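A short worksheet on the structure shown next.
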Amino acid sequence: MTVSLVLVVVMGALVACGVYLLLERSLTRVVLGFLLIGNGVNLLILIMGGPAGFAPIYDETIDPAAYNDPLPQALILTAIVITLAVSSFLLALIYRSWRLANADDVADDADDVALREGSVTMPLEEVAPDEGDTDFPVEATR
Amino acid sequence: MMATLVPLVVLVPLLAAALTLVLGRRARPQRIVAALALTTVLGISVALLIGVDTGGTVVVEAANWGLLGIVLVVDRLSALMLVVSSLVLLAVLVFSIGQGLADGDDETPVSIYYPTYLILTTGVMVAFIAGDLFNLYVGFEILLVASYVLITLGGTRSRIRAGITYVIVSLLSSILFLAAIGMVYGALGTVNLAQVAERVQELPLDVQILLHVMLLVAFGIKAAVFPLSFWLPDSYPSAPAPVTAAFAGLLTKIGVYAIIRLETVIFPTPELNPALMVVALLTMVVGALGAVAQADIKRILSFTLVSHIGYMILGVALGTVAGTAAAIYYIVHHIVVQTTLFLAAGLVEREAGSTSITRIGGLLASAPLVAVLFFLPALNLGGIPPFSGFIGKLGLFQATAVQGDALAYALIGGGALVSLLTLYALVRVWNLVFWRPADDVEGDETRLLRSVEEAPDAPVTTETRTTPRLMTLSTAGMVVVGLALTIFAGPLYAVADRAAGDLDGPAAYIAVVLGTEGELPPASAGEGPP
């Protein structure tokens, strides 16, 4: 199977950048990383479909081997839809997290911190009211 | 007849999800639709199990597209999983209906809970009957997206924090799975499980191992196998009690189910089995040690969940029919028992207002029924002899002993040790939460309580919450199911044995999926032209 070198390089670059961003603690970068890896993997599936060919619309005069393989494209289409839905959910989640904590970070687990610090009893309960419960903040964004 | 039933296990919950979404803010019809849909799914699953067990595997090619399209395969393993998961989903639904009724859902309904729960059901069903890798991926995505919504339900700070970890880790595993599917397609030109199984032996060994490891890592994250299990105890405990119960029972087991399919149908080769056995041992031990160190019931249970995944992986890693059969029985046992324990933890939370074992006590006196409902599945999970946990572990150890090398005996020793550690962790919960008199509880002081004490003029009101009968009833129902696993262990183990017999190498699976076109009458698989 011969594949386009350009596509392979682009895929590699997308995945590499995606991995780098996913390892960040900032949630916005994590989303960007997820989008890059998602597109990189979609390219991978496209590459796996073999070399480019004619659009797979049946025509008697065309040799079957000259068509492009339509199945990977159908798979990519499904994957794109799923990525779209998941990334919109992720954005909503991150927005909510930012409204609650005013930070764009992956927060530490309170129980983990308690265990690490060796205190047997669990941390005190959060009694701070949720600041981000309203859609119309009284205070401007900090 | 059987072939028409197969798509229904997916369609019924999906249509019911749409209906409950339309019913939006009217809680009562939503509840009725959801409960009816899940009861129907349970009925269909039981019919499928009986049909498949007597009549053999059912293969449905959706819309007569043949192997190019979506192929649904229900063999004994799938059917058994369908029955157990729909039973558990129904019990958890009843539990959450009870909780919702008591908390005044009628006035302020969470309108998305029931639709999302039904979509989760759809995803679970799709994953169990998928006959090709991509459909399995779609099933995973359906249930994962639903689980993202359920785990962050309400959007409080702790749930959002836990949800973010969960979502990102799940996304990573999905992407790995998708990349693996792409590579499988590139190597073999198909994603149909039977065709993959047929062709994979022609690949060079290194390519086989590469594909094998990629799929194994993707499924391993979902199943929470040791080095990939870090996310689970972080994210599960903060979700609402019924959601955690459903997740703990089902979601990880779907990963284990996928691993069983992978190890028996696609790669029945022994190259990775020793590695899997080591991973199984580590999963068991690390999970159990984590459980011992925790001070919150839900977190203890989450760690025991991780630890007991190790037993199932051990059964799969043996690569024998006896091992697979024991793993299948253990999955059934563990789905039921782990869900029951989380439901019981939900009852404890309801009674005591907390799940921290350092802060509650005396529940045996104040809520004896909850104590019984916790005690029985706890003994069961710990593997005390008459219960199904013991039968499952015994089956696993027997199958392991057949292998007879040092690693096998290390695993048996580790398994027995972990069983004791599980028992220790759960007995610790029992002693502190139930047995200890309420007066002995120390350090029962929160910032809120202190602020009340510092303001002695503030009026103190006492609020009592009753535990709705429906919650207790569904938990009791699950405890009874757990006991039934012991009483009917003979027939159940026999079914597991036959299911494992189907999975003895890919030959049977390939024959039934690829060879059916001539044999099966095309009666109901979609009569019209495509």
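The values are calculated or read from the model by the stated rules, or taken from the named source; none is laboratory data. Predicted, not measured: the structure shown is a model, and the values here were computed from it. Note that we place each Cβ from the backbone using ideal geometry, even for glycine, and neighbour counts take in every protein chain shown. Ligands, DNA and RNA are stripped out before the accessible areas are found, and what is left, the full protein with its side chains, is counted by its heavy atoms. Shrake-Rupley method; radii C 1.70, N 1.55, O 1.52, S 1.80 Å.
Taking 0.36 nm per residue of separation and subtracting the Cα-Cα distance, full extension of the segment from B:Leu394 to B:Asp439 would add 12.1 nm. Surface listing: B:Phe230, B:Phe177 arranged by accessible area from highest to lowest gives B:Phe230, B:Phe177, probe 1.4 Å.
Sorting the segments A:28-34, B:286-292, B:321-327, B:300-306 by their residues' average number of neighbouring beta-carbon atoms within 10 angstrom, most packed first, yields B:300-306, B:321-327, B:286-292, A:28-34. In sequence order, region B:200-208 has phi-based couplings of 5, 5, 7, 6, x, 4, 5, 5, 4 Hz under the Karplus curve 6.51 cos²θ - 1.76 cosθ + 1.60, θ = phi - 60°, and Gly or Pro positions carry x. For the peptide B:183-190, the mean number of other protein chain Cβ atoms found within 10 angstrom of a residue's Cβ is 4.
Inter-chain Cβ neighbour count for B:155-168, averaged per residue, equals 6 (cutoff 10 Å, partner chain atoms only).
Take every Cα-Cα pair in the protein assembly as shown and report what % of them are more than 37 Å apart. The answer is 37 percent, as a whole percent. Every helix of 4 or more DSSP H residues in chain B counts as -39500 (n - 2.57), and over all residues that averages to -24000 deg cm²/dmol at 222 nm.
With axes computed from alpha carbons, what is the tilt in degrees of helix B:273-293 against the longest principal axis of chain B, rounded to the nearest 10 within 0 to 90? So the helix axis and the longest Cα principal axis differ by about 10 degrees. Surface burial for B against A, with a 1.4 Å probe and both sides summed, reaches about 3700 Å² of accessible area. Packing-based ranking of B:118-126, A:44-52 yields B:118-126, A:44-52, ordered from highest to lowest mean Cβ neighbour count within 10 Å. Is chain B rounded, prolate or oblate when judged by the Cα gyration tensor, a ≥ b ≥ c being the square roots of its eigenvalues, rounded requiring a/c under 1.5 and prolate requiring a/b larger than b/c? It is prolate, given that a/c is not under 1.5 and a/b is the larger ratio. Rounded to the nearest Hz, the phi-derived 3J(HN,Hα) couplings of region A:12-22 under the Karplus curve 6.51 cos²θ - 1.76 cosθ + 1.60 (θ = phi - 60°) are x, 5, 4, 5, 4, 5, x, 4, 4, 5, 4, where x marks glycine and proline. Counting only alpha carbon atoms, the long axis of helix B:368-382 and the longest principal axis of chain B meet at about 40°. Taking 0.36 nm per residue of separation and subtracting the Cα-Cα distance, full extension of the segment from A:Asp69 to A:Val3 would add 22.4 nm.
Applied to region B:81-98, the Karplus parametrisation 6.51 cos²θ - 1.76 cosθ + 1.60 on θ = phi - 60° returns per-residue 3J(HN,Hα) values of 5, 4, 4, 5, 5, 5, 4, 5, 4, 5, 4, 5, 4, 4, 4, 6, 4, x Hz, with x for Gly and Pro. Amide H contacts for A:Asp105 (H built 1.01 Å from N in the peptide plane; partners 5 or more residues away or on another chain; cut-off under 5 Å): A:Leu27. Amide H to amide H, with H built 1.01 Å from N, B:Asp296 comes under 5 Å of B:Ile357, counting only residues 5 or more places away or on other chains. Please check chain B for the longest run free of GluC sites (Glu not before Pro) that are loop-located per DSSP (anything but H, G, I, E, B) and have at most 10 other Cβ atoms within 10 Å. My reading of the result: B:108-441 is the longest stretch. Angle of helix B:469-487 to the longest C-alpha principal axis of chain B, folded into 0 to 90 degrees and rounded to 10: 50°. Counts of other chain beta carbons within 10 angstrom of each beta carbon in peptide A:47-56 average 2.
With the simple model of a label 7 Å out from the Cα in the direction of the Cβ, B:Asn431 to B:Val402 spans 4.0 nm.
For region B:7-74, what does the alpha-carbon gyration tensor say about shape, rounded, prolate or oblate, given a ≥ b ≥ c as the root eigenvalues, a/c under 1.5 as rounded, and a/b over b/c as prolate? Oblate.
Taken over the alpha carbons of region B:356-419 as equal point scatterers, the Debye sum produces base-10 log I(q)/I(0) values at 0.14, 0.27, 0.30 Å⁻¹ of -0.56, -1.08, -1.17.
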